[in-house]
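The next block holds one structure in the form of structure tokens; read it before the comments.
The values are calculated or read from the model by the stated rules, or taken from the named source; none is laboratory data. None of these values were measured; they are calculated from a predicted model. As a convention, Cβ positions derive from the backbone with ideal geometry for all residues, glycine included, and neighbour counts pool all protein chains shown. Ligands, DNA and RNA are stripped out before the accessible areas are found, and what is left, the full protein with its side chains, is counted by its heavy atoms. Shrake-Rupley method; radii C 1.70, N 1.55, O 1.52, S 1.80 Å.
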Amino acid sequence: MVFIVDDDAPLRESLRNLFRSVGLQAQTFGSAKEFLQVQPPDAPCCLVLDVRLPGISGIDFQAELHNAGMNIPIVFVTGHGDIPMSVRAMKAGAVEFLTKPFRDQELLDSVRIALERHREQRQQEQSFARIKACFDTLTPRELEVISLVSTGLMNKQIAYELGVSEATIKAHVSAILQKLGVDSRTQAVIMLSRIGTEPVI
């Protein structure tokens with residue numbers, strides 16, 4: 001889905017037809033306020049955003065979306081851009097900053113990049129959520145054990161650290177691997193690293 005936010009009605013309609021001509025769904029809005037009233041679909045999407053809008057500038061709206069946790073990729077279009085403005089937008093994560101009039105293909109290429117970026121972002125978020133859900137099933141002691149495993153300690157060393165038997169640690173490790181759905185300590189440590197959990201020592 002491509003969202004178009006621009007106060008130029010003829011341009012909005014022209015862009016919507018352009019995107020539909022290449023098989024993309026498109027929805028148009030005359031202001032940032034209108035866009036915020038819509039729930040984005042559970043699918044890759046991007047925002048084609050004019051810099052000058054009624055009520056709030058596109059640049060300020062970009063910051064507002066980021067602060068609200070809406071990390072939708074943005075392609076800026078403007079008839080009044082300058083270098084400092086484009087630098088600010090790109091530093092804040094914009095995919096592209098196009099000056100009107102721009103070529104249709106230039107915009108389509110930028111939108112495809114934005115959609116692919118959002119697709120990859122969604123996959124990473126979903127992978128993170130699945131891994132975190134697995135770790136949420138571990139007991140506090142199991143979390144302690146896997147954190148020590150991640151430091152490179154063997155079962156005997158972990159047993160000494162925690163003041164328990166090596167057999168107990170082996171049982172914990174076995175339970176951890178089963179709950180995480182992996183076959184080895186290495187795979188478990190890789191999963192731990194992906195969610196950025198700090199080792200508990």
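Please label the shape of segment 101-201 as rounded, prolate or oblate, based on the square roots a ≥ b ≥ c of the eigenvalues of the alpha-carbon gyration tensor (a/c under 1.5 means rounded; beyond that, a/b larger than b/c means prolate, else oblate). Here segment 101-201 falls in the prolate category. Placing unit charges on the Cβ atoms only, positive for Lys and Arg and negative for Asp and Glu, gives the chain a dipole magnitude near 440 debye about its Cα centre. Inter-part distance, segment 93-110 to segment 123-190, computed on C-alpha centroids, equals 47 Å. Relative contact order of segment 73-201: 22 percent, from C-alpha pairs under 8 Å at least 6 residues apart in sequence.
Restricting to DSSP H runs of at least four residues, report the calculated mean residue ellipticity at 222 nm for the chain, -39500 (n - 2.57) per run over all residues, nearest 500 deg cm²/dmol.
Calculated from helices alone, the mean residue ellipticity at 222 nm is -17500 deg cm²/dmol.
Principal-axis analysis of the Cα atoms of the chain puts helix 58-67 at an angle of about 20° to the longest axis. Rounded to the nearest 10 degrees, what's the angle between the helix 140-149 long axis and the longest principal axis of the chain, both from Cα atoms, 0 to 90? Orientation of helix 140-149: about 90 degrees from the principal axis.
Within the set of other residues whose C-beta is less than 14 Å from the C-beta of T137, count the net charge using Lys and Arg as +1 and Asp and Glu as -1. Write out the running numbers ahead of the final one.
Details: positive: R130, K132, R141, K179; negative: D136, E142.
Every neighbour counted, the sum reads +2.
Of the trypsin sites (Lys or Arg not before Pro) found in segment 72-138, those that fall in a DSSP loop while having at most 16 other beta-carbon atoms within 10 Å are R103.
Averaged per residue, what accessible surface does the chain expose to a 1.4 Å probe, in Å²?
Numbers: 11180 Å² over 201 residues.
Roughly 56 Å² per residue, with all protein chains present.
Where the accessible area of the chain is counted over protein heavy atoms with a 1.4 Å probe, how much of it, in %, is carbon and sulfur?
Details: 5750 of 11180 Å².
Reported share for carbon and sulfur atoms: 51 percent.
Labels on offer are (1) 17.4; (2) 18.0; (3) 19.9, and the one holding Kirkwood radius over Cα pairs in Å computed from this structure is (3).
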